[in-house]
Amino acid sequence: MSGSTFGELFRVTTFGESHGPAIGCVIDGCPPGLALSEADIQPELDRRKPGTSRHVTQRQESDAVEILSGVYEGMTTGTPIALLIRNTDQRSKDYGNLLDTFRPGHADYTYWRKYGLRDPRGGGRSSARLTAPAVAAAAVARKWLRERLGVQFSGWMTAIGEVEIPYEDESQVPLNPFFAASASVVPRLEAYMDALRKSGDSVGARLTVVARGMPAGLGEPLYDKLDADIAYAMMGINAVKGVEIGDGFAVVQQRGSQHGDEMLPEGFATNHAGGVLGGISTGQDLRVNIAIKPTSSIRLAKASVTRDGQPTEVVTHGRHDPCVGIRATPIAEAMLALVVMDHVLRHRAQCGDVQLPLPPLAGGVPPKGL
């Protein structure tokens, strides 16, 4: 009932709090025989971790992952894989003024109403710090999908606040702190974020995440559609308030003559549907956009109430991201990878022996054995 487990056959259960001694996860259902070490997981955690630039929280966490079980002599055994990430730079005193009040826009009030008590230190379980175990688990899934099926995941930021970020060169994404697919826009983003931090306020962001090299046939209609599970996963990321598959809300202005992706012997002519039809993957790229709200913890005073209903003002001190979307690209990639991994295993379990009598469209062919 606690909502801490994601997936059916590739199941990930996370644990821990922002200011507890450690966070981590248990992966159940990883196939045996995958070469795995901490070195396969750490690079993804390093992309997400705090303190990587002046534009994000200055909490200094190494996010060093430890594999506690499920691997023997460098290979996954098929048994549960336990991953541990120790917290080393908590500063709980920053939250002392929140014991009896609630931050507007945060989960403080709703956690208290649900459980009758809450951990105010950094948001406790509601903190975005709990995305780190999901990123670690997804690193395992990404390696298996890459090696077995050739599926690759990537993402980039498309807007911070009112600043639109053009897609110019995807090779630039790992070269700047904004995960922007453009070098020319980085100076403007630097100045924008410097001014925002000085003001004490925050902004939201929009991201795009893509899965390439997808097999066709993943997804389980009616209620376990691939795109439905993607939306479910993305909405499980802290601060995400909107999800689009393919063209998303732009379909409102489209005509059927434009939106329906025409099929040619060499493949689909377009990808307005985002790689999913009827809840099942087409073999095209999966394309997802997400909208992330402004950070709730800000240095500007906002009206709130105490636990006994008295009016008060809240000013949040501490080390917070002025835009949580800056570090969200690896998280969105991770959640997409977990969905794809789970559906690959589910498809293999039910439809692994399906053989088509006619050749499908070019691309999107399930590899033999899937």
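The values are calculated or read from the model by the stated rules, or taken from the named source; none is laboratory data. Here the structure is a predicted model, which means the values were calculated and not measured. Please note: Cβ atoms are built from the backbone with ideal geometry, for glycine as well, and neighbour counts cover all protein chains shown.
Having 2 or more residues that are buried (at least 22 other Cβ atoms within 10 Å of the Cβ) is the bar; report the strands (runs of 3 or more DSSP E) wholly within the range 232-336 that clear it.
286-292
Name the residues in the range 139-155 that are out of contact with any helix residue (DSSP H, G or I) (no Cβ under 8 Å at 6 or more places or on another chain) and either hydroxyl-bearing (Ser, Thr, Tyr) or not in a helix (DSSP H, G or I) (or both), would you?
Gly150, the sole residue that qualifies.
Quick check on this structure: which one of Gly219, Gly161 is touching a residue at least 40 places away in the same chain (Cβ under 8 Å) and within 20 Å of Asp321 (Cβ to Cβ)? Please lay out each step first, then the result.
Details: Gly219 fails: within 20 Å of Asp321 (Cβ to Cβ).
Testing whether each residue is touching a residue at least 40 places away in the same chain (Cβ under 8 Å) and within 20 Å of Asp321 (Cβ to Cβ) leaves just Gly161.
Looking at (1) among the polar types (S, T, N, Q); (2) exposed (fewer than 15 other Cβ atoms within 10 Å of the Cβ); (3) at pLDDT below 95, which is the only condition Ser69 fails?
(3)
Working carefully through the options Arg346, Arg319, find the one that is closer than 30 Å to Ser126 by Cβ, more than 15 Å from the chain's Cα centre (by Cα) and at pLDDT below 90. Walk me through it before giving the result.
Details: Arg346 fails: at pLDDT below 90.
Only one candidate passes the filter, namely Arg319.
I need every pair where a residue in the range 340-353 that is within 18 Å of Val276 (Cα to Cα) has its Cβ under 8 Å from the Cβ of a residue that is crowded, with 16+ Cβ neighbours inside 10 Å and of a type in the set (Asp, Glu), sequence separation at least 6 or different chains.
Taking only residues 6 or more apart or on different chains, the pairs are Asp342/Asp229; His343/Glu220; His343/Asp229; Arg346/Glu220.
Report whether or not Lys114 is at pLDDT 90 or above and either buried (at least 22 other Cβ atoms within 10 Å of the Cβ) or not hydrophobic (A, V, I, L, M, F, W, C) (or both).
Values: at pLDDT 90 or above: yes; either buried (at least 22 other Cβ atoms within 10 Å of the Cβ) or not hydrophobic (A, V, I, L, M, F, W, C) (or both): yes.
Yes.
I'd like to check something: does the range 162-182 contain any residue that is farther than 19 Å from Lys49 by Cβ and in contact with an Asp or Glu (Cβ under 7 Å, 6 or more places away or on another chain)? Can you show your working first?
Initially, the range 162-182 is screened for residues farther than 19 Å from Lys49 by Cβ, giving 162-172, 181-182.
Restricting the remaining residues to those that are in contact with an Asp or Glu (Cβ under 7 Å, 6 or more places away or on another chain) gives 181-182.
Yes - at least one qualifying residue is present in the range 162-182.
Suppose we keep only residues that are assigned to a helix (DSSP H, G or I) and among the aliphatic types (A, V, I, L, M) within the range 100-138. Which one would you say is farthest from Met341 (Cα to Cα)? Can you show your working first?
Here is the first cut: in the range 100-138, the ones assigned to a helix (DSSP H, G or I) are 108-115, 121-126, 128-138.
Narrowing the set further to residues that are among the aliphatic types (A, V, I, L, M) leaves 128, 130, 132, 134-138.
Values: Ala128: 23, Leu130: 20, Ala132: 18, Ala134: 13, Val135: 13, Ala136: 14, Ala137: 11, Ala138: 9 Å.
The qualifying residue farthest from Met341 (Cα to Cα) is Ala128.
Just checking, does the range 147-164 include any residue being under 30 Å from Ala82 (Cα atoms), buried (at least 19 other Cβ atoms within 10 Å of the Cβ) and of a type in the set (S, T, N, Q)? Break it down into steps so the answer makes sense when it comes.
Taking the range 147-164 first, the residues under 30 Å from Ala82 (Cα atoms) are 147-156.
Remaining after also requiring buried (at least 19 other Cβ atoms within 10 Å of the Cβ): 151, 153, 155-156.
Those still in the list that are of a type in the set (S, T, N, Q) too: none.
Looking through the range 147-164, none of the residues is under 30 Å from Ala82 (Cα atoms), buried (at least 19 other Cβ atoms within 10 Å of the Cβ) and of a type in the set (S, T, N, Q).
When the residues of the range 104-153 are filtered to those that are in contact (Cβ under 8 Å) with a residue 12 or more places away in the chain and polar (S, T, N, Q), which remaining residue is nearest to Asp285 (Cα to Cα)? Step through it out loud before you land on a result.
So the first thing to find is which residues in the range 104-153 are in contact (Cβ under 8 Å) with a residue 12 or more places away in the chain, and the list is 104-108, 111-112, 119-145, 147-153.
Within this subset, residues satisfying the condition of being polar (S, T, N, Q) are 126-127, 131, 152.
Values: Ser126: 32, Ser127: 31, Thr131: 24, Gln152: 10 Å.
Here the residue is Gln152.
Filtering the range 258-301 down to residues that are over 27 Å from Val324 (Cα atoms) and hydrophobic (A, V, I, L, M, F, W, C), which residue is nearest to the chain's Cα centre (by Cα)? If you could, list the steps in order and put the result at the bottom.
The first filter runs over the range 258-301 and keeps only residues over 27 Å from Val324 (Cα atoms), leaving 258-273, 275-284.
Applying the additional criterion that residues be hydrophobic (A, V, I, L, M, F, W, C) yields 263-264, 268-269, 273, 276-277, 280.
Numbers: Met263: 31, Leu264: 33, Phe268: 28, Ala269: 29, Ala273: 21, Val276: 19, Leu277: 23, Ile280: 21 Å.
Residue satisfying both the conditions and the ranking: Val276.
In this structure, is Gly20 part of a loop (DSSP other than H, G, I, E, B) and either touching a Leu at 6+ places or on another chain (Cβ under 6 Å) or without any contact (Cβ under 8 Å) to a residue 12 or more places away in the chain (or both)? I'd like the intermediate steps shown before the answer.
Details: part of a loop (DSSP other than H, G, I, E, B): yes; either touching a Leu at 6+ places or on another chain (Cβ under 6 Å) or without any contact (Cβ under 8 Å) to a residue 12 or more places away in the chain (or both): no.
No, not satisfied.
Just checking, does the range 225-234 include any residue being in contact with a strand residue (DSSP E or B) (Cβ under 7 Å, 6 or more places away or on another chain), of a type in the set (Lys, Arg) and closer than 23 Å to Phe153 by Cβ?
No, the range 225-234 contains no residue that is in contact with a strand residue (DSSP E or B) (Cβ under 7 Å, 6 or more places away or on another chain), of a type in the set (Lys, Arg) and closer than 23 Å to Phe153 by Cβ.
Could you grab me the full set of residues in the range 212-224 that are crowded, with 18+ Cβ neighbours inside 10 Å, not small (Gly, Ala, Ser) and not in a strand (DSSP E or B)?
Let us first name the residues in the range 212-224 that are crowded, with 18+ Cβ neighbours inside 10 Å, namely 214-220.
Narrowing further to those that are not small (Gly, Ala, Ser): 214-215, 218, 220.
Selection gives Met214, Pro215, Leu218.
Considering only residues that are modelled with pLDDT of 95 or more and in a helix (DSSP H, G or I), look in the range 23-46 and name the one that is nearest to Lys198 (Cα to Cα).
From the range 23-46, those modelled with pLDDT of 95 or more are 23-45; that's our starting set.
Right, trim to in a helix (DSSP H, G or I) and you get 38-45.
Values: Glu38: 38, Ala39: 37, Asp40: 38, Ile41: 35, Gln42: 32, Pro43: 31, Glu44: 30, Leu45: 28 Å.
It comes out as Leu45.
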